[in-house]
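Shown next, in structure tokens, is the structure this report addresses.
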2 protein chains.
Amino acid sequence: MQYRVLAELKKCLPPDAMITDEERARVYECDGLSGYRQLPACVLLPETVEQVQAILRICYREKIPVVARGAGTGLSGGALPVQDGVVLGLARFNRILDINPLQRSARVQSGVVNISISEAASCHGLYYAPDPSSQIACTIGGNVAENAGGVHCLKYGLTVHNILALKMVTAEGDVLEIGSEALDTAGYDLSALLTGSEGMLGIIVEVTVKLLPKPPFSRVLLASFAEIEAAGRGVADIIANGIVPAGLEMMDKAAIGAVEAYMHVGYPVHAAAILLCEIDGVEEEVKDVMAQVAQILRSAGADEVRIAKDASESERFWAGRKAAFPAVGRLAPDYYCMDGTIPRKHIASVLNRITTLSGEYGLGVVNVFHAGDGNLHPLILYDVSVPGEFGKAEEFGGRILEVCVEAGGTITGEHGVGVEKINQMCIQFTAGELTQFHAVKTAFDARGILNPGKAVPTLRRCAEFGAIHVRSGRLPFADIERF
Amino acid sequence: MQYRVLAELKKCLPPDAMITDEERARVYECDGLSGYRQLPACVLLPETVEQVQAILRICYREKIPVVARGAGTGLSGGALPVQDGVVLGLARFNRILDINPLQRSARVQSGVVNISISEAASCHGLYYAPDPSSQIACTIGGNVAENAGGVHCLKYGLTVHNILALKMVTAEGDVLEIGSEALDTAGYDLSALLTGSEGMLGIIVEVTVKLLPKPPFSRVLLASFAEIEAAGRGVADIIANGIVPAGLEMMDKAAIGAVEAYMHVGYPVHAAAILLCEIDGVEEEVKDVMAQVAQILRSAGADEVRIAKDASESERFWAGRKAAFPAVGRLAPDYYCMDGTIPRKHIASVLNRITTLSGEYGLGVVNVFHAGDGNLHPLILYDVSVPGEFGKAEEFGGRILEVCVEAGGTITGEHGVGVEKINQMCIQFTAGELTQFHAVKTAFDARGILNPGKAVPTLRRCAEFGAIHVRSGRLPFADIERF
């Protein structure tokens, strides 16, 4: 980046808000997808909306790439810097501006940590529902950018279902206020469009979220199965019976073993799979529904069904699930966390396909996931120090996503596309659909400065990947050169 | 329209799918906003996606305006024809393609009537939640176009919260499939963007909706108040106490009187306002929560609280509310139904402002609305045969929307903008925000053939209306000529 531009950027910011030395910039060279690393030209840490506007006006004029970053906990490389580009860190946008118990909403800056919203709302008996497993670190702005989910999104929805309004700065440096505290809003629903747009349409500086009343009572059930098919059937039967669990998670034998070795929570180590099912609501209702769930799972073929006796046993059942990722981290030097979603009825068949692929690639795989949503998280085990193993893990991961699409699912559940899954976008979407995405991008960012190279592939890239999905007609070759 | 083009359109369609004679076309000259009427050049009633594609390719090439129409029950003029344009009626897209109880979803063509989805899902114990009062007639495609709500959207959300995927035909005649049956989907969230876009971004031909389990039990409470402020306080207190009613409706004295004279359901005619509150769930929970609601409303100042003894009394309580619009229709030759949303805490003050305006305009007004959402529906009474009264009613309605915006609300709750509220869009949004809307429109429909003149005003129109809201800076005059 030219010195002139760096100096101009520096002048817009308070002291100590620009990082250009390599040592400090290293912190920002990757997000949670640490297999990809790139040093940016500089890292900027503005404190006000006006500073964000000033940065964008300069970068738009100079065509400098801008990558927004919250806490950097994303798992698909959405916050991976671009060479010669700027990382726009929103860590200093950390104020909770308003908690409104009457409107059941909270207005916060985009760098506020997810869990802090629930903590601030707690005295009113309210909380913010989406709970990604990184919730003690991840920011609400990053949650919006990636449309984050969590264990409880089966009942309470993803981020997009829990957002009321956004304040954003456009690529050209203008401020837009989109959505409102009211249920509906006039005009195109840009706040839903921005949610999940991975920093490519604008920089989110303020978020108004819905708050929900804390459920008065909840309980967890643990069921073990000798066959994965029976567990898959159990999930389907719970849903088909009209039950809406607060959470419904599955772990396979490898995951159970890893967790037991690490945490000793008392999971049945000989089971092929376990299900954890949480029901919340008023006490009588929870107890009634829990008895019904137990009955359904026994009929589906569960060997054993344990209903937590009290809150502390519920917590113990969850503790193993929550520690599953670090527990798996002990099985191999590295693991690669995949994320795809399938129709629930295909859970068993897709898990079996993954097992077959695991044999073909010679890499272990552990499954621990949001079964109620059909949102898989296969953890592929590998050793980055073995030449070629990371590439093999990536390829295996890509194959899993293709299996998800073949089963009628999608290539993302809650982690976004980023750089990780960009090739699989060519399988998920037709050229016409990708072209429509490009047109939307251009409507917000005609010069393409916001997070270039992420989330939506060019048609050229798809052509090179050899996999443009032509569903509805001709391939618009004319556009290949354009994007 | 040129004969050559008419002949070409006719060739794409089955016999009897084109209406050009004035008598038959009159049926299509307005929607539920019958104060505005316009004969189109022709009405087309295609039966297949390919026919819709063919129509759009011709109209795009010839720059002929296309107005999509479901059942024509919309209240904001979204389906008002354009002179020399085509009305694209989707009435023949009336097939339910799939009910999937395991995935809890239904895939239907866009001309399917709202209530038919719930009827088809009923044997699985499932239903489609959004229930606009026109649900026995309105189509799901129209619901998506207007982001329709209903009595139960307080708990179950608007259309946008209950849609999984859409199949649409673009202005240029391409088919896009957006969203998926899975909870999340990769790429920009175009299905949320299309929802509420009032036929301006594409023609929706297929909709996949979420189905919900029917609540096992529900009960309605009726509370009467001597003062409107106390009723407003009651609404706020229910919400602030962490209760999520299935519905929470308010009617003012004029509405109560009209309903009693028409239906004799036993509403308290001397009350200044009544609230109807429905709670659903399992029986014990409903009874507990109902007792809590009764206590809260008594503390807020209710004179009388009646909890329905059984399902039939619940139905009787609702019957009056459901008949409110026809009942009001007996008070004056015409009424004009407004639709705006405000933060709940301002209910009483906004109702008082409306009463003052009613005096100023010399037109009666009746209020019956979704209090829990803060979604007002003032019904302005007028007589179209009195010269100037319709204009006065419209102006009064516009003033009400401005009051909603001043109170921090929005100009639409669930009826959309259409032609009715297009001037008020200039008050709700800044020039920068409107310009962003125009850019999104261009990304989908570069020639502007889809429903021109609706929902999003040009900057020129706002300048003429004298009310461009400049929140964040300069007015981009350069763009005024363009749109």
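Each reported figure results from applying straightforward, stated rules to the coordinates on display, with no laboratory input. Everything quoted here is computed from the prediction, not taken from an experiment. All Cβ positions, glycine included, derive from the backbone under ideal geometry; neighbour counts span all protein chains shown.
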Per residue of the range A:235-243, in order, report the coupling 6.51 cos²θ - 1.76 cosθ + 1.60 (Karplus, θ = phi - 60°) as ³J(HN,Hα) in whole Hz, putting x for Gly and Pro. 4, 4, 5, 4, 5, 5, 8, x, 8
Per the helix-only calculation at 222 nm, which mean residue ellipticity applies to chain B, given -39500 (n - 2.57) for every DSSP H run of n ≥ 4 and division by its residues, nearest 500 deg cm²/dmol? -10500 deg cm²/dmol
Whole angstrom only: what separates the Cα centroid of the range B:121-137 from the Cα centroid of the range A:267-323? 32 Å
Could you list the trypsin sites (Lys or Arg not before Pro) in the range A:1-61 that lie in coil according to DSSP, counting only those with at most 15 other Cβ atoms within 10 Å of their Cβ? A:Arg37
Rounded to the nearest 10 degrees, what's the angle between the helix B:253-263 long axis and the longest principal axis of chain B, both from Cα atoms, 0 to 90? 80 degrees
To the nearest 10 degrees, how steep is helix B:3-12 against the longest Cα principal axis of chain B, on a 0 to 90 scale? 70 degrees
Phi-based couplings in Hz for the range B:396-404 (Karplus 6.51, -1.76, 1.60; Gly and Pro marked x): 4, x, x, 5, 4, 5, 5, 4, 4
Sorted by chain and then number, the residues having a modelled amide H within less than 5 Å of the amide H of B:Ala455, at least 5 places away or on another chain, are B:Gly418, B:Val419
In peptide A:428-439, how many Cβ atoms from other protein chains are near each Cβ within 10 Å, on average? 5
Just want the ordering: A:Lys441, A:Lys309, from fewest to most Cβ atoms lying within 10 Å of their own Cβ. A:Lys309, A:Lys441
The rounded separation in angstrom of the Cα centers of the range B:398-456 and the range A:40-60 is 30 Å
Expected vector for the range A:452-461, Karplus 3J(HN,Hα) from phi with 6.51, -1.76, 1.60 and θ = phi - 60°, integer Hz, x for Gly and Pro, equals x, x, 10, 6, 10, x, 6, 5, 4, 4
Please determine, in degrees from 0 to 90 and to the nearest 10, the orientation of helix A:431-444 with respect to the longest principal axis defined by the Cα atoms of chain A, where the helix direction is its Cα long axis. 50 degrees
In peptide B:102-111, how many Cβ atoms from other protein chains are near each Cβ within 10 Å, on average? 2
Sorted by Cβ density within 10 Å, fewest first, the residues A:Asp189, B:Asp84: B:Asp84, A:Asp189
Cα gyration tensor shape of the range A:217-327, rounded if a/c is under 1.5, else prolate or oblate by comparing a/b with b/c: oblate
List the residues whose amide H sits under 5 Å from the amide H of A:Val66, counting only those 5 or more places along or on another chain, with H placed 1.01 Å from N in the peptide plane. A:Val86, A:Leu450, A:Asn451
5 Å is the cut-off here: which amide hydrogens, built 1.01 Å from N in the peptide plane, fall below it relative to B:Arg219, excluding neighbours closer than 5 in sequence? B:Ile279
When a footprinting reagent is the concern and you count Cβ atoms within 10 Å, what order do B:Leu357, A:Leu351 take, fewest first? B:Leu357, A:Leu351
Using Cβ-Cβ distances only, list the Cys residues of chain A with no partner cysteine under 4.7 Å, sorted by number. A:Cys12, A:Cys30, A:Cys42, A:Cys59, A:Cys123, A:Cys138, A:Cys153, A:Cys277, A:Cys337, A:Cys404
Out of A:Ala443, A:Gln424, A:Gly374, whose Cα points farthest toward the positive end of the dipole of the range A:332-479 (charges: +1 Lys, Arg; -1 Asp, Glu; placed on Cβ)? A:Ala443
homo-copy label distances at A:Gly364 (7 angstrom along Cα-Cβ), nm, one dp, ascending, are 7.9
